[in-house]
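Shown next, in structure tokens, is the structure this report addresses.
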Amino acid sequence: MKKSLAPKTVLTSQFSTADAQIIDQAVKIIDLIPEDLHYDRPQSIQVALFLLDFKVDLTTILATLLSDPRIVNMNPPINIAKHFGNKVATLVENVHSLNRSTIYSTDMAEQPNQTEILRRMLLSMTQDIRAVLIKLAYRTLRLRNLSKEPTETQLFIAQETLDIYAPITNRLGIHQLKWELEDLAFRYLNPQSYRSIAKSLANNRVHRELCINHFIDLLHSTLALESIPCHISGRPKHIYSIWRKMQLKKLSIDELFDLLAVRIIVSNLTECYTVLGVVHSLWQYIPKEFDDYIANPKNNGYQSLHTVILDMEGNRIEVQIRTQAMHDFAELGVAAHWSYKEGGKQNPALDKNITQLRKLLEENNNETLADSFNNELFNDRVYVLSPKGKLVDLVKGATPLDFAYAIHSDIGHRCRGAKVNGRIVPLTYKLKSGERVEVLTAKSGEPNHNWIDPHLGYLKSSRAISKVKSWFKNQQQSDNMATGKSILDKELQRLGLKSANLNELAKHFHQPDTDKLLEAIGRSDINHRQLAAFFKIPELQAAPLSLTKNKAASTSAKSLVAVDGIDNVLSSFALCCKPVQGNAIIGYISHHKGITIHRQDCDNIVHLAPEKQAQLIRVDWTLQKSNFTVPISINAFNGQNLLNHVTQVLSHAKIHIGSATLNTHADFSATLELTIQVGNINQLSQVLSKIAQLPHIIDVKRKI
């Protein structure tokens, strides 16, 4: 054994005999690692000892010990899951995942938005908050020994710490780590200022402590006479924090008010002002430094009384007075201390995530902690990189096409393909955090109408969808009419119909004439699903809806419409606009008739009074049971894997195949004829559109 027993003894003494034996097994694995005199990173047993101060659990200690980077290269490899369980193995992999992140560059220091996205990305990549704590502990110990590393490495690690890890630690509320990370990083980045401030503090440390203690003793005894219970504590200022304040206010260290600082926590609001009165009666205060953030909270909701007093020797002491509730809100609420210390725009969603993070860190039930982290936090975002390493924050479920529009509208319009981590992927591919995305563009191009069909999965971001719709609306009227005519003809051909009555179609969609109808189709105000819902196909003719009686209307709506994702809700179709399947619809909560279903473009909805808009609710068409058999024909340039690709699309759409016949030709082209079962024409149109997006497809249509 090359390591002494002392660290091991300290480590195991904090746990039960059974747990200590498990820890001993992990330490024995570390003892097998070959000695490397050039290895200058903190060793995992040191990090585990460091984490004992944070009262971590057995799983965290084991994961810390076994996340030593050198264990990965051991021969034979160590099966962590077999010896210590899946949870420890997963946590170790989470730590390795954080260690493998090499996205940061010193250029990010000048790009606050990029560093913020990287912080969120690192948090989103882990399934267990304990991995973040282990990573921060490793970083702290590495900074303590950074003097052994090359100067270039020292500067990089220190800058990365200030930009990424110290803010994360601050948000988690682990102030002990935050202060040390900041001070150690600052020591390497600005050694002259660090030494100057440290020397000044050392010279005045005893004097500061005497001033604070005298202030606390006098105030305690006075408040005891007033029968006001309170908690008073000195609030030490750290070197980096002092330097930032000096830079911000352009003051020397001797001019700073809050090198001497005290925080007073009382029971209620009245006592806050009573204590303020006592403080001002005992000491002279500086009027211009008084702030009442209780009566006038900060924009982020922060509340406290701030004042600066002069003691008998003329020393300035900053005093903060607040209730416990105000203190808790400042630490954990949307006004968390980090929000205004770091600056930047308020982000309610991020505030909520970080608040939950910090609560989880204090959670006693570590199983709950591990399970909640992955389910609750950052589950609505995905963070990807451009080829040049720029981080892009996207909604979860975003595709390469969403990424293209996030970069620039023109890139999105001209996008024709994408690579993810160097591999060609379809434009409907769902991106994952940490992936590198490259957009393949044409020299000139325009968006495709299919991109804004939610059933085809090209775009997830409402911003990107809006950009595509805006492009279509901005085209010339004649161009839109020609595009609309082409879309209409293509839909007719796909559905196996010879023609359409344009006048009836215009009337159905509330268009004044056929030209405006074609223009609306060309602008994508009317999509192909809405068109399909209008057309009549003999094989798909169901009994017509009866809307003449409220009872019949209610029954029809109940079976065809899901209210806010929930089926079987009391609902009825509005007689003013008579919505039919395929129309964009919305529900209105009536006090007497349940949910009334309107078209979204219904005049009664468009001109609804503002105070009644809160009664609107999302509704969707539901698909009826597949009971209509329809023959379809598919022509493709290449028959290889055609049947497999098509059946995958139909299986995903839960559509039954009655029969299938594949004919290949001498030129390698192929024709695939199928009979499928669908619930309605809308479903038929959707699945034909999805098949049309497959590679090598020439056309797909209903067989007449």
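All of the numbers you see were taken from the coordinates with simple rules; none came from a lab. Small disclaimer: the values here were computed from a predicted structure and weren't measured. Heads up, the Cβs are rebuilt from the backbone with ideal geometry, glycines too, and the neighbour counts pull from every protein chain shown.
Set the bar at 20 Å for Cα to Cα. Now go through Lys135/Lys178; Lys460/Lys701; Lys507/Lys578; Lys388/Lys467; Lys578/Lys703 and name every pair that lies beyond it. Please list the in-between numbers first.
Working: Lys135/Lys178 13 Å; Lys460/Lys701 27 Å; Lys507/Lys578 13 Å; Lys388/Lys467 24 Å; Lys578/Lys703 31 Å.
Exceeds cut-off: Lys460/Lys701; Lys388/Lys467; Lys578/Lys703.
Which of Lys432/Lys654; Lys430/Lys516; Lys485/Lys654; Lys245/Lys298 have a Cα-Cα distance over 30 Å?
Values: Lys432/Lys654 26 Å; Lys430/Lys516 36 Å; Lys485/Lys654 32 Å; Lys245/Lys298 19 Å.
In this structure, Lys430/Lys516; Lys485/Lys654 lie more than 30 Å apart at Cα.
About its Cα centre, what dipole magnitude does region 381-472 give when the only charges are +1 on Lys and Arg Cβ and -1 on Asp and Glu Cβ, stated in debye to the nearest 20? Intermediate results must be reported in sequence, preceding the final value.
On the way: 16 positive and 7 negative charges, 45 e Å.
About 220 debye.
Residue by residue through region 42-56, what is 3J(HN,Hα) from phi via Karplus (6.51 cos²θ - 1.76 cosθ + 1.60, θ = phi - 60°)? Round to whole Hz and write x for glycine and proline.
So the J values, rounded to whole Hz, are x, 7, 5, 5, 5, 5, 4, 4, 4, 6, 4, 5, 9, 6, 6.
What ranking do 440-448, 13-21, 67-75 get when scored by the average of other Cβ atoms within 10 Å per residue, highest first?
Details: 440-448: 13.6, 13-21: 11.9, 67-75: 15.4.
Put in order of decreasing packing, that is 67-75, 440-448, 13-21.
Which order, highest average first, do 673-684, 83-94, 639-650 follow once you tally other Cβ atoms within 10 Å for each residue and take the mean per peptide?
Output ranking for 673-684, 83-94, 639-650: 673-684, 83-94, 639-650.
From the square roots a ≥ b ≥ c of the eigenvalues of the alpha-carbon gyration tensor of region 5-189, which class results: rounded (a/c under 1.5), prolate (a/b over b/c), or oblate? Numbers along the way, then the final one.
Numbers: a/c = 1.72, a/b = 1.60, b/c = 1.08.
Judged from the Cα gyration tensor, region 5-189 comes out prolate (a/c at least 1.5, a/b above b/c).
Given the convex hull of the Cα atoms of region 628-702, what is a quarter of its surface area in nm²?
On the way: hull surface 16.8 nm².
With the hull built on Cα positions only, its mean projection is 4.2 nm².
With charges only on Cβ, +1 for K and R and -1 for D and E, what is the dipole size of region 192-342 about its Cα centre, in debye, rounded to 20? Walk me through the numbers on the way to the answer.
Values: 16 positive and 16 negative charges, 147 e Å.
Here the size comes out at about 700 debye.
Does region 258-316 come out rounded, prolate or oblate by the C-alpha gyration tensor, with a ≥ b ≥ c the root eigenvalues, rounded set by a/c under 1.5 and, if not, prolate when a/b is larger than b/c and oblate if not? Before the final figure, lay out the partial values.
On the way: a/c = 2.05, a/b = 1.49, b/c = 1.37.
Cα axes put region 258-316 in the prolate bin.
According to the square roots a ≥ b ≥ c of the eigenvalues of the Cα gyration tensor, what is the shape class of region 475-535, taking rounded for a/c under 1.5, prolate for a/b larger than b/c otherwise, and oblate for the remainder?
Numbers: a/c = 1.73, a/b = 1.28, b/c = 1.36.
Judged from the Cα gyration tensor, region 475-535 comes out oblate (a/c at least 1.5, b/c at or above a/b).
Going by average Cβ density within 10 Å per residue, which order do the peptides 513-520, 58-65, 654-661 take, highest to lowest?
Numbers: 513-520: 19.4, 58-65: 24.8, 654-661: 12.8.
Top to bottom by mean Cβ count within 10 Å: 58-65, 513-520, 654-661.
Taking amide H positions as placed 1.01 Å from N in the peptide plane, with prolines and chain starts having none, which residues 5 or more places from Ser571, or on another chain, fall under 5 Å of its amide H?
Lys558, Ile595
Which cross-chain or sequence-distant (5 or more) residues have an amide H under 5 Å from the amide H of Arg381, H modelled 1.01 Å from N in plane?
Amide H to amide H, under 5 Å and 5 or more residues apart or across chains, Arg381 pairs with Lys396.
Just to be sure I understand the curve: with the Debye formula and one point per C-alpha of region 218-279, what is log10 I(q)/I(0) at q = 0.21 Å⁻¹?
-0.81
So what's the Cα pair-distance distribution over region 141-277, bin width 10 Å, in %?
10, 32, 30, 19, 8, 2
Give, rounded to the nearest 20 debye, the magnitude of the charge dipole that region 106-152 has about its Cα centre when Lys and Arg contribute +1 at Cβ and Asp and Glu contribute -1 at Cβ. Walk me through the numbers on the way to the answer.
Working: 8 positive and 6 negative charges, 73 e Å.
The calculated dipole for region 106-152 is roughly 360 debye.
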